[in-house]
Amino acid sequence: MDQQKTTGDVTVRERIKNVSQNFFLHIHAPRIHQDSLTPQATWGLGVILASLFFTQLITGMLLMIHYTPSVESAYYSVKEIIFYVPGGRVLRNIHRWSAHAMVFVTFLHLFRTFYKGAYYGTRRTNWVIGVVMLLVVMMMSFSGYLLPWDQLAYWAVTIGANIAASFRELTDLIGITGLFDPGGLFKRILLGGQEVGQATLTRFFTLHVIILPVTLLILIGYHFWRIRKAGGLARVVRSDEDQKEIPAWPTALWAELSIFLLVAATLLILGLLLDAPLKILANTNLPENPAKSPWYLLGIQEVVSYSAFMGGFIIPLLFLGFLFYIPWFDREEEESSGVWFSGKAGLKITWLSMLLCGSVTIFLVTLSLFITIPVKPGSDLSVLLSMLVNPGTLSVTGYFIWAWIVSRFTSSRRITVIALFTGFMTGWTIFMIIGIWFRGENWHFIL
């Protein structure tokens, strides 16, 4: 009897030791609900993001061995990686495409989390962390954009710096830039000076290889911990007999490993077939025309082309404020957590919001091509009217009006935020598409 008890105690102790030493089970609960493993639960977006980030770290460290962060040598060190380092071309391609994929998938992950209502109750903090992670991912991608020091990199960052200085449109209008210049301050903080140069390259390199990856790694760890603390992924709560849980080890491990291998295979194929762009050495006297920021900032650049202050400061600030405020505004329907679009009503509003807000945005942009404000160009009145009456500000006003109408007819905060979120995202996507494919030299509209 004593021997059996001793044997049993040893077995229990061994199991506890195995669990405590299992890194995988520190990320996941020992048991997870079977619904969490279905493809439609998350589409594997979280695991895809983790895979892309891991790829970024590995390829980035290998590239850093051969890269020289100086204005005189950066461009040539990148060419050396491409043409002389064994496997360097593929390595750089994988790093580049995984960086773009990471931004894109982060947005998809945000969409999935929002439309499944995974921000109620204890998940509220994790939503905020997710929005912060989106900003860090975009900053990490943008900071790496300058490192090749070619024409594309130099002028893209120059555009980004001008967007950062967009507050100057307002201070210039009221004549206080000499006394109060937050736009200039933002630009100097970003560039380390007035122009893109060695200080900018050093600053971006430090951000890209140390500060932002470490920050993102900490946020990812906290994000995973909050998910586990909240009881796993957001899902529909059913009766007790339907709460079927299965061991996380090794079932979830195999599922996540499969996604990782799929991501790795896709990136390898892209790395072999598609070369990351590298233009001529950056030339401060030869501007790109049109000079365009990275694709994920082109929506902002397009709106900035109508009004620097509204497009580069007020509208992005409004949208970010809305994203952070969502869990505190929508606190009525926690039972809809884990349900796509909160049911048929939410799906209907999503489609209507895409159609109406998209149509309004396209109409206003088209109208701006044929109608100009009948005042003297360059005058204070012209600047003020252009700031207030343009496709960007009018579109955003339309999104808020649409959300207000939805709130009046549905009396549902969840449906209201779906309408406004979808309107914002539809408009941002349209402005981004216009910036990518329909703007040519001197930012003229082209077909």
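Each reported figure results from applying straightforward, stated rules to the coordinates on display, with no laboratory input. Predicted model only: the values in this text are computed from it and were never measured. Quick reminder, even Gly has a Cβ in these numbers, built from the backbone with ideal geometry, and neighbours come from all protein chains shown.
Observations on the structure shown:
- Between the stretch 389-428 and the stretch 143-201, the alpha-carbon center distance in angstrom: 31
- Full extension of the chain between L261 and E288 gives 5.8 nm of extra length, using 0.36 nm per residue less the Cα-Cα distance.
- When the chain is treated as a Gaussian network with alpha carbon springs shorter than 10 Å, the biggest mean-square fluctuation among L364, L91, L201 belongs to L364.
- Considering only the Cα atoms of the stretch 289-447, their convex hull presents on average a projected area of 10.5 nm².
- Farthest toward the positive end of the dipole of the stretch 289-447, out of T426, F313, P294, is the Cα of T426, where the dipole comes from beta carbon charges about the Cα centre.
- Charges were assigned to the Cβ only: +1 to each Lys and Arg, -1 to each Asp and Glu. The resulting dipole of the chain about its Cα centre is roughly 520 debye.
- Fewest-first ordering of V303, V417 by other beta carbons within 10 Å of each residue's beta carbon gives V417, V303.
- Candidates per chymotrypsin sites (Phe, Trp or Tyr not before Pro) in the stretch 402-447, loop by DSSP, up to 14 other Cβ within 10 Å: F438
- Spatial separation of Cα centroids for the stretch 347-378 and the stretch 60-115, in angstrom: 36
- Formal net charge of residues neighbouring P327 (Cβ-Cβ distance under 9 Å; K, R +1; D, E -1): +2
- About its Cα centre, the stretch 57-150 has a charge dipole of approximately 520 debye under the convention of +1 per Lys or Arg Cβ and -1 per Asp or Glu Cβ, with nothing else charged.
- Sites listed here are chymotrypsin sites (Phe, Trp or Tyr not before Pro) in the stretch 68-123 whose DSSP assignment is loop and whose Cβ has at most 11 other Cβ atoms within 10 Å: Y84.
- Net charge of the neighbourhood of L147, taken over other residues with C-beta under 15 Å away and scored Lys/Arg +1, Asp/Glu -1, is +2.
- The chain: DSSP helices with Cα axial extent of at least 15 Å and average Kyte-Doolittle hydropathy no lower than -1.0: 45-66, 88-115, 124-145, 151-164, 212-229, 251-273, 315-329, 344-370, 391-410, 413-437
- Over the stretch 24-281, the ratio between the Cα radius of gyration and 2.2 N^0.38 Å evaluates to 1.19.
- Cross-link table K229/K344; K187/K292; K244/K344; K79/K279, entries beyond 19 Å C-alpha to C-alpha: K229/K344; K244/K344
- Projecting the Cα atoms of P213, A156, I280 onto the charge dipole of the chain, computed from C-beta unit charges around the Cα centre, puts P213 farthest toward the positive end.
- Oblate is the label for the chain, because a/c, from the alpha-carbon gyration tensor with a ≥ b ≥ c as root eigenvalues, is 1.5 or above and a/b does not exceed b/c.
- Fewest-first sequence of E169, E288, E72 by Cβ atoms within 10 Å of each Cβ: E72, E288, E169
- Ranking of T206, T416, T372 by count of other Cβ atoms within 10 Å, fewest first: T372, T206, T416
- Selected from G312, G321, G338 as most flexible by GNM, with the chain as the system and alpha-carbon contacts under 10 Å: G321
- Prolate/oblate/rounded call for the stretch 88-210, Cα gyration tensor, a/c under 1.5 rounded: oblate
- Highest-fluctuation residue, H109, H95, H66 considered, GNM on the chain with Cα pairs under 10 Å: H66
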